[in-house]
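Asks: Would you mind keeping the following structure in view while I ask a few things?
The values are calculated or read from the model by the stated rules, or taken from the named source; none is laboratory data. Treat the numbers as computed from the prediction; the structure is a model and nothing was measured. All Cβ positions, even for glycine, are placed from backbone atoms using ideal geometry, and neighbour counts span all protein chains on display. Just the protein is used for accessible areas: all its heavy atoms, side chains included, with ligands, DNA and RNA removed. Shrake-Rupley method; radii C 1.70, N 1.55, O 1.52, S 1.80 Å.
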Amino acid sequence: MEQYIVSARKYRPDTFKSVVGQDTLVTTLKNAIQTQRLAHAYLFCGPRGVGKTTCARIFAKTINCSNLKPDGEACNECDSCRSFNDQRSLNIFELDAASNNGVDDIRDLIEQVMVPPQIGKYRVYIIDEVHMLTPAAFNAFLKTLEEPPSYAIFILATTEKHKILPTIISRCQVYDFNRIQIADTVEYLKYVAANEIITVEDEALAVIAQKADGAMRDALSIFDQIVSFCGKDITYKTVIENLNVLDYEYYFRLIDIFLREDVTNALLILNEIINKGFDIHSFVLGLSSHFRDLLVSRDEQTLKLLQVSELVVRQYAEQAAKCEPQFIYKALEITNQCELNYRISKNKRLLVELMLIKLCQIASGEENNNSNTPLKKIVISDNKPDVPEKNATVQQSENKSVVQTADTETKQSSAVQPLQQPAIPLAKNPNIINLAGLTATANAVETENRLQAATPAVSTQNEPISENQPFTQEQLNEAWQNYALSIENDTFFANTIKGITPIKEEHSCSILVLNGHQLKEITDKKPYIEKFISQKLHNTLFELKISKDTTIQAVKTLSPTDKLSAMLQKNPNLQEFVAELELEISY
Ligand SMILES: [Zn+2]
């Protein structure tokens, strides 16, 4: 069986030409070799996995090549090159200072330095992670670095340049390695995939490259990992699943939602993302990057800053065309503000939800040129009789999401649910949940809603208040809560009423109650409730429709009486027991 070699080793570059993403630096090194201007000490700085050690090895091989090519590359054929390629050359000495950082290790190295090369001209000493050397080891090394033998060349490599003593830096030629660009990583991975006869989608490679964050070694390791999971056919979907990366489709969907000012669906998508186990902070960062990518997609000149596959570039261009620059600037400001506040926020989910709400308000904020009040009224379908089409679609989506909403709420009942007031555990209309929850937090929203509630939507100021006038959902909510406040001597019933969200219909409203107990209590008081609310709303046609919610198991909100009657239904003998012991329910 053929021995398996990890890609990071198998595809380690062995010529300057094959080094990925460090073009300027490689050219400088090659020029130095061709013009014979070699320094005695080099310091290679840069993040991990970008090719520092690889370049050091190629450099060592090249300066020892007895048959240098005209372009400054090693021939890979002479004795010296072959010994380097077989890793048996005595002209290269590597010390990993991360694990060998003491004075003794450096003394061993200094002894080695005294031995001149047998074949070739130079002996190259690579000290990896040189910042890890102890101060004593540093000092021991300094003297050799000051006066090295003519054949000795030191290449010090570090990921943390700031930890290198100035006395060392001043004796070295410093080379700063870049993080490798995503496009370069993708190109290289494509080459590796083709060599290994693996079919792979470009978007999949882009995700791997992004995850590797500029380190080729990491990119190749991730690539190997994916191959071992997925075999010879790698798709975008399998990669994002394996790497737990949020599908960029979510971001595309969200932008469309922001443009539609659809708060409901924005919050539902966030909920979906959280339920899938993604970190909210990464989501905020991802959303910021998406806006940034949209911004650069708008201009031919900045398009090259977009580091995604070609297929997605088109998708970005299409979405960017729909967004005004002002919209993107404002959105970036909002997401950035959320990032800044993220660490200090105690309720991170709410912070992110508020961010989404603000993003939903940009589009209309621009129209009204309302720069002083960043938060605008949330558009709820019923408020706008002049846009029937929109009403229809919103209504439809509400119906669709009813079951889903109920589902997520049951799942999350134990988790933190900032947007949901505990008093409204099972409201059915997502629009209303959101609105009810938001008034507590987004003051500006609340104020505007109240203002609107105070001003009848249709009648003009001079018109006398007529009977049977239309009312809004907000006005209904307010009247409903006022009724709850008006209930005296019965806290339990008052809380029941507070916990219910009425859903507006033409001249009436419907409510869902959770159990038979509530149904009976509210039905008993129905005439009073109708009278109270019809007065508040100036609508004599007002009618209350009560129905029992059968879709949800309302375990949490069962009253003790309900629990008892449920128990009695299951076990009628219990009645005897209750009677015998004269048991009473205590509240
Ligand atoms: Zn050679």
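Asks: How much solvent-accessible surface does Glu310 expose, in Å² to the nearest 10, with a 1.4 Å probe and all protein chains in place?
Replies: My reading of the accessible area for Glu310 is about 150 Å².
Asks: Hey, how many Å between the Cα centroid of the range 1-52 and the Cα centroid of the range 563-582?
Replies: 82 Å
Asks: Now a separate question. Listed highest first by mean packing, meaning other Cβ atoms within 10 Å per residue, what order do 108-118, 515-525 come in? Working shown, then result.
Replies: Details: 108-118: 13.5, 515-525: 16.4.
Peptide ranking by packing, descending: 515-525, 108-118.
Asks: With the full set of protein chains in place, find how many percent of the accessible area of the range 7-176 is carbon and sulfur; take the probe as 1.4 Å. Kindly include the intermediate steps, with their values, before the conclusion.
Replies: Numbers: 4030 of 8250 Å².
Answer for the range 7-176: carbon and sulfur cover 49 percent of the accessible area.
Asks: Could you check the spin-label model distance between Tyr151 and Ala39? Points 7 Å from the Cα along Cα→Cβ, value in nm.
Replies: The modelled label-to-label distance comes out at 2.4 nm.
Asks: Hey, another quick one. Which entries in Lys10/Lys161; Lys358/Lys548; Lys322/Lys346; Lys190/Lys211; Lys30/Lys304; Lys504/Lys526 show an alpha-carbon gap greater than 25 Å? Write out the running numbers ahead of the final one.
Replies: Details: Lys10/Lys161 29 Å; Lys358/Lys548 36 Å; Lys322/Lys346 35 Å; Lys190/Lys211 16 Å; Lys30/Lys304 28 Å; Lys504/Lys526 16 Å.
Result: Lys10/Lys161; Lys358/Lys548; Lys322/Lys346; Lys30/Lys304 exceed 25 Å.
Asks: If you don't mind, another one. In what order, largest first, do Glu353, Glu582, Glu272 sit by accessible area if the probe radius is 1.4 Å?
Replies: If we order Glu353, Glu582, Glu272 from most to least accessible, we get Glu582, Glu272, Glu353.
Asks: Could you report the accessible area of Lys536 in Å², rounded to 10, computed with a 1.4 Å probe on the protein chains as they sit in the structure?
Replies: Surface open to solvent at Lys536 totals about 100 Å².
Asks: Label points 7 Å out from Cα along the Cβ direction at Thr27 and Thr491: separation in nm?
Replies: So the label points at Thr27 and Thr491 sit 7.9 nm apart.
Asks: Using the heavy atoms of the protein chains alone and a 1.4 angstrom probe, what is the accessible area of the range 7-176 per residue in square angstrom? If you can, show how the numbers build up before the last one.
Replies: Values: 8250 Å² over 170 residues.
For the range 7-176, the per-residue accessible area is 49 Å².
Asks: Report the Cα centroid-to-centroid distance between the range 187-217 and the range 318-353 in angstrom, as an integer.
Replies: 30 Å
Asks: Order the following by accessible area, largest value first: Thr491, Thr235. Probe radius 1.4 Å; ligands, DNA and RNA are ignored.
Replies: Values: Thr491 100, Thr235 35 Å².
Accessible-area ranking of Thr491, Thr235, largest first: Thr491, Thr235.
Asks: For an R0 of 30 angstrom, estimate the FRET efficiency from the Cβ-Cβ distance between Leu142 and Val115 and round to the nearest 0.05.
Replies: Values: r = 20 Å, r/R0 = 0.68.
For R0 = 30 Å, the calculated efficiency reads 0.90.
Asks: Would you list His538, His507 from the most to the least accessible area, probe 1.4 Å?
Replies: Values: His538 70, His507 50 Å².
These residues rank, largest area first, as His538, His507.
Asks: What number comes out for the charge environment of Arg82, summing +1 per Lys or Arg and -1 per Asp or Glu over other residues with Cβ under 13 Å away?
Replies: Working: positive: Lys61, Arg88; negative: Asp14, Glu77, Asp79, Asp86.
Charge balance in the 13 Å sphere: -2.
Asks: So, for the range 182-243, what is the accessible surface per residue at a probe of 1.4 Å, expressed in square angstrom? The partial results should precede the final answer.
Replies: Details: 2780 Å² over 62 residues.
On a per-residue basis, the range 182-243 sits at 45 Å².
Asks: Right, another one. Work out, step by step, the length gained on full extension between Ile169 and Glu300: first 0.36 nm times the residue separation, then minus their alpha carbon distance; give nm to one decimal.
Replies: Full-extension gain reported as 43.0 nm.
Asks: Same structure, new question: Can you tell me the length gained on complete extension of the stretch Arg88 to Glu318, counting 0.36 nm per residue apart and subtracting the Cα distance? Don't skip to the end; give the middle numbers.
Replies: Working: separation 230, 0.36 × 230 = 82.80 nm, distance 5.55 nm.
Here the answer is 77.3 nm.
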